[in-house]
Amino acid sequence: AQSVTQLGSHVSVSEGALVLLRCNYSSSVPPYLFWYVQYPNQGLQLLLKYTTGATLVKGINGFEAEFKKSETSFHLTKPSAHMSDAAEYFCAVSDHGNEKLTFGTGTRLTIIP
Amino acid sequence: DAGVTQSPTHLIKTRGQQVTLRCSPKSGHDTVSWYQQALGQGPQFIFQYYEEEERQRGNFPDRFSGHQFPNYSSELNVNALLLGDSALYLCASSSGTSGSQREQYFGPGTRLTVT
């Protein structure tokens with residue numbers, strides 16, 4: 001069965017600093033990988049996804065993630081944090097041709113002014 | 001263009017009762033998935049409906065059932081509510097060729113509290 005591990009349930013960074021949120025997956029074959037963001041009292045919004053092709057994926061709001069098969073990782077980064085980035089971030093995985101998403105437990109990102 | 005809508009926003013029920021949650025997919029979408037998000041956890045897949053049939057199901061008991069209507073809207077029903085059913089219930093919709101990987105759009109969720 002697939003699983004996703006997000007290291008660090010809480011991450012705090014200063015405004016303008018690098019954001020790095022970690023995600024590792026467990027799957028017998030390279031899956032599809034996703035990052036979602038959830039603001040308070042709202043649903044999930046897709047930031048970016050990896051399916052096939054280029055391993056460096058760019059998403060919305062300046063975020064990007066790199067798929068590293070050898071490390072089974074899909075870490076999310078943003079060069080310069082903004083106050084509006086404060087939210088809960090979820091990494092998710094699915095099998096090819098299967099829309100069922102398996103989510104990690106989430107990382108709450110706090111931005112320090 | 002309206003996105004995914006869910007009703008009600010909040011709901012309080014008593015143990016043993018039954019509840020129905022509703023979801024209207026994004027315009028043009030034909031597939032609806034339901035997820036349960038317990039406090040402090042990531043969403044967990046309950047089931048997915050396509051062409052009015054349950055296409056796949058997660059590890060949830062039969063107390064959780066659903067329905068999809070001809071207009072693609074969907075209902076999630078939970079019988080014999082337990083305290084552990086308290087959670088945010090998210091609906092997601094998608095469209096495209098069956099079996100292909102399609103982007104899922106999530107609604108704002110229904111917060112269910114069981115007392």
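The values are calculated or read from the model by the stated rules, or taken from the named source; none is laboratory data. These figures come from a predicted structure and were not determined experimentally. No Cβ is skipped: glycine too gets one built from the backbone with ideal geometry, and neighbour counts run over all protein chains shown. What goes into the accessible areas is simple: the full protein's heavy atoms, side chains included, and nothing from ligands, DNA or RNA. Shrake-Rupley method; radii C 1.70, N 1.55, O 1.52, S 1.80 Å.
Within the stretch B:64-79, being open to solvent by 50 Å² or more (accessible area, probe 1.4 Å), of a type outside the set (S, T, N, Q) and over 11 Å from B:Phe47 (Cβ atoms) holds for B:Phe69, B:Pro70, B:Tyr72.
Tallying residues that are in a strand (DSSP E or B) and away from chain A (no Cβ under 14 Å) within the stretch B:11-26 yields 6. Against the list (1) in a loop (DSSP other than H, G, I, E, B); (2) in contact (Cβ under 8 Å) with a residue 24 or more places away in the chain; (3) open to solvent by 40 Å² or more (accessible area, probe 1.4 Å), the condition B:His29 fails is (3). The number of residues in the stretch A:4-47 that are in a loop (DSSP other than H, G, I, E, B), more than 13 Å from chain B (Cβ to nearest Cβ) and under 10 Å from the mean Cα position of the chain (by Cα) comes to 1.
Within the stretch B:41-62, the presence of a residue that is in contact with a helix residue (DSSP H, G or I) (Cβ under 8 Å, 6 or more places away or on another chain), in a loop (DSSP other than H, G, I, E, B) and open to solvent by 20 Å² or more (accessible area, probe 1.4 Å) is excluded.
What is the residue count in the stretch A:46-61 for residues that are surrounded by 15 or more Cβ atoms within 10 Å (Cβ to Cβ) and in contact (Cβ under 8 Å) with a residue 12 or more places away in the chain?
The number of residues fulfilling the criteria is 7.
Could you identify the single residue in A:Ser28, A:Ser12 that is over 14 Å from A:Gly106 (Cβ atoms), open to solvent by 70 Å² or more (accessible area, probe 1.4 Å) and without any contact (Cβ under 8 Å) to a residue 40 or more places away in the chain? So the residue among A:Ser28, A:Ser12 that is over 14 Å from A:Gly106 (Cβ atoms), open to solvent by 70 Å² or more (accessible area, probe 1.4 Å) and without any contact (Cβ under 8 Å) to a residue 40 or more places away in the chain is A:Ser28. A single entry from B:Ala92, B:Ala2 fulfils the requirement of being open to solvent by less than 10 Å² (accessible area, probe 1.4 Å), of a type in the set (Gly, Ala, Ser) and either touching a helix residue (DSSP H, G or I) at 6+ places or on another chain (Cβ under 8 Å) or within 14 Å of another protein chain (Cβ to nearest Cβ) (or both): B:Ala92.
For the stretch A:78-95, indicate whether the set of residues that are buried (at least 16 other Cβ atoms within 10 Å of the Cβ), within 28 Å of B:Phe60 (Cα to Cα), of a type in the set (Ser, Thr, Tyr) and within 14 Å of chain B (Cβ to nearest Cβ) is non-empty. So far as the stretch A:78-95 goes, yes, one or more of its residues are buried (at least 16 other Cβ atoms within 10 Å of the Cβ), within 28 Å of B:Phe60 (Cα to Cα), of a type in the set (Ser, Thr, Tyr) and within 14 Å of chain B (Cβ to nearest Cβ).
Of all residues in the stretch A:62-111, those being of a type in the set (Phe, Trp, Tyr) and at positive phi number 0.
Restricting attention to the stretch B:73-106, the residues being part of a loop (DSSP other than H, G, I, E, B) and at pLDDT 95 or above number 6.
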